[in-house]
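Please treat every number below as a calculation from the coordinates, not as lab data. Computed from a predicted model, the values in this text were never measured in an experiment. Here Cβ is always computed from backbone atoms with ideal geometry, including for glycine, and neighbour counts include all displayed protein chains.
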Amino acid sequence: MGELTGRTALVTGASRGIGQAIATRLAAKGAVVVVHFGTDEAGATATVAEIERGGGTAHAVRAELGVDDDVETLFAGVEARLAGQPLDVLVNNAAAAPAGPLAATTRAQFDHLFAVNVRAPYFTIQRALPLLRDGGRIITISSVATRMANPGQTSFAMTKGAVETMSTTLANELGARGITVNAVAPGATRTATNAAAFAAAGLAEAIAAMTALDRLGGADDVADVVAFLASDAARWITGQVIDASGGLFLGPRV
């Protein structure tokens, strides 16, 4: 029996990486988890299988985000899997990757980023509210890109700044129902699916040298923070952006 036993959770983008780690961690703490995926059915199946091997319960739901009727498609699957149960925890994790620097970003890429990273979580929350139990949790994954001037991630950082603002304002609106709304901002996080991106000679070492805790993050580092925010122990934390980067780029390390 875990601290989330008897509760339900929806994690978007849970077929791999940070989302997969979040889903398995919430399940390990006792939650029944709806594992959302867009295209990676094999990854979602693997997430569900891992949860079930650990004695938990999970259900996969497919819905492409950033397109017409995406949220309705998602919640048709969610409601079918929950079978009348309310929702306790919503984790907006799914996101489109950075589109590149200003000069190289197309209008189509820009619109796709905002459709997936901003519009989808906004309307996912709107659609989830009638299902969400009083005292529930809404957690959205942001990024340290909002506080770091990275020219290759301008449009991406803009989307994450938007969901941080969304989280603050919704925390104020939904507090009367006891619902907490927070964002978690990972930094450089190595996962099984992006390990190749950190394989360039010296890159991992360079990032570690800019990080107060002197290493790259892992998906479990972020999942633990999300699991804490989903728990009763975080009942008095709302409207916050929790930096889960190990202290990336806090200042000179001399």
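Here are a few things to note about the model shown:
- Label separation (Val67 vs Ala97): 2.0 nm, computed from points 7 Å beyond Cα along the C-beta direction.
- Measuring between their Cα centroids, region 1-50 and region 211-254 lie 20 Å from each other.
- Where (i) 53, 38, 34; (ii) 64, 46, 33; (iii) 53, 40, 39 are the candidate values, the label of the one calculated here for Cα extents along the principal axes in Å is (iii).
- Local electrostatic count at Ala244 - Lys and Arg +1, Asp and Glu -1, tallied over other residues with Cβ under 10 Å: -3
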